Amino acid sequence: MPPGRDLRADLGRTVPGSLRAKVIPLGVSASGQDVYASVWTPQFAGVAAVSLATGGMRKIQQFGNRVTDQADGSSDGGWLVWEETYSLQSLDDFTVYGWDPVTGRLLRLGQSLPGAGGAPWPSPWHPPAVSGHYAAWAQGYGPDGEVEVRLADLATGQVRVIRTGHTQPPFFDGSLVVWPESDRPGAQTSLRAFSLVTGRPARLPPALRAVHGTEFVVTDGTRTAYFSPDLTALYYSRAPGQQARIVLRLPVGVEFADLAMGAGWIAWTTTAATYLASTTTGTYTQVTPEYGIATGSGSDVLISDAASGKAAGSKAASLILPMHVVGPAGLAWPGCRVGRSH
C-alpha cells in the first residue's frame, strides 16, 4: 500500500542541497536539525554536518583525496564516529575518528593494523557503533579472519581491546557491547556481550540469545530486530525478556540488505527498495522507489533515495542521493501489516 498523506508529504520534501551534491548520511544530530554526512561538492569533500533546513554545511574534516577517500560512520545523536578509508579497491586501510558536536573536539581513535607484508589485515566492514560517550568497532589483527573488538571511551579518548578471535562488528544494547562470534572460521556465529558497568563479559538478554548466523541486529535497549542468516526473514522482540518472532518473510528472489531502528520505527532495505515500519501501529510501507538508505536518531528518520544522476560540477563518482526527513507525525500511516511478504 502507498504511504499515508503525512508520510507522502515528508517524502515529497527534499533536504536542500541533496540534489546538487553527493551527500551520504552517517547519522542525525540530537536536535534533529542536522545530518552528519560524507559530502562531495565542487568546493569541499569530507565529513560535515549539514543543516536539514537550509543545506548549510559545518565542515568537520576534509578528505585528503576527494576521489579515493570515503567515510562510513554512525551517531546516536551525540558523538559522531567514523572510519575513513583511502582506496576504491579495498576498505581494509582506515583510520577511526570521533567528533563531539558540542565542543567541536576531534579525536583520532585508531587505525587498521598492518600485516607481515605491510598491507593491512582484512577487517569486516561496518561503521563503528556509538552509544553515549562510547564507541566500538571491529578490525583485523591476524590471518585466518582473526578480528578484535575495540571499545573507546570518547570522554577520555582511551581505547582498549575487549575481545579477540573470529568476531564480527559490535553493537550496543543498553549498557552492553554485543558482537557475533564463531568458534572457528566459517562456523555459524552466536552473540557475546561485554558490560560497560562491570567491565567484564556479561550474559545476554533473552531477546538476543537465539540470534545466530547474522550480523544484522539492531536494538534500542528495549526493542530488538534482526535478520535470519539467509536474509529472508525479519525477527522482532518488543522487550529484552521476550524472545523474538518472525514478523516478515520476503518473497523468493528478494533479500534484506540493511536494518535500522529508532524511537517508534524500524527501517529495512531489501534488494528492491527501502521500507519503514511503525512499532506502534505494526504497519509498514515502501519509502524509496528502489534500494535506498534509512538512518536516524530518536524519532527522526532520514531517507535517501537510490543514486540517480550527477551533482552539478562534480566528478563522475558524485552521484546524488535525494534525501527526505520523516518526522514522528509521518509515522502514522495506513500500510501493509507486518507479517506479509513484500
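Of the residues that sit in region 219-233 and are touching a strand residue (DSSP E or B) at 6+ places or on another chain (Cβ under 8 Å) and surrounded by fewer than 20 Cβ atoms within 10 Å (Cβ to Cβ), which one is farthest from A267 (Cα to Cα)?
Result: P229.
Limited to region 234-249, what total is found for residues that are part of a strand (DSSP E or B) and surrounded by 16 or more Cβ atoms within 10 Å (Cβ to Cβ)?
The qualifying residues number 6.
Looking at region 26-50, which of its residues are out of contact with any Leu (no Cβ under 8 Å at 6 or more places or on another chain), crowded, with 17+ Cβ neighbours inside 10 Å and without any contact (Cβ under 8 Å) to a residue 40 or more places away in the chain?
Matches in region 26-50: V39, A45, G46, A48, V50.
Out of G73, G78, I need the residue that is under 20 Å from T295 (Cα atoms), surrounded by fewer than 20 Cβ atoms within 10 Å (Cβ to Cβ), within 18 Å of the chain's Cα centre (by Cα) and modelled with pLDDT of 90 or more. Which one?
That would be G78, the only listed residue that is under 20 Å from T295 (Cα atoms), surrounded by fewer than 20 Cβ atoms within 10 Å (Cβ to Cβ), within 18 Å of the chain's Cα centre (by Cα) and modelled with pLDDT of 90 or more.
May I ask you to list pairs of residues, at least six apart or on different chains, whose Cβ atoms are under 7 Å apart, with the first in region 252-277 being over 19 Å from H324 (Cβ atoms) and the second being aliphatic (A, V, I, L, M) and part of a loop (DSSP other than H, G, I, E, B)?
Filtered contacts from region 252-277: V254/A272; E255/L231; F256/L231; F256/L250; T271/V254.
Between P170, P180, which is modelled with pLDDT of 95 or more, surrounded by 12 or more Cβ atoms within 10 Å (Cβ to Cβ) and either of a type in the set (G, A, S) or over 15 Å from G132 (Cβ atoms) (or both)?
Unique residue meeting the criteria: P180.
Out of the residues in region 214-248 that are more than 22 Å from T283 (Cβ to Cβ) and over 19 Å from the mean Cα position of the chain (by Cα), state the one that is modelled with the highest pLDDT.
D230
The values are calculated or read from the model by the stated rules, or taken from the named source; none is laboratory data. Everything numeric in this text was worked out from a predicted model, so none of it was measured. Cβ coordinates were reconstructed from backbone atoms using ideal geometry, including for glycine residues, and neighbour counts include every protein chain displayed.
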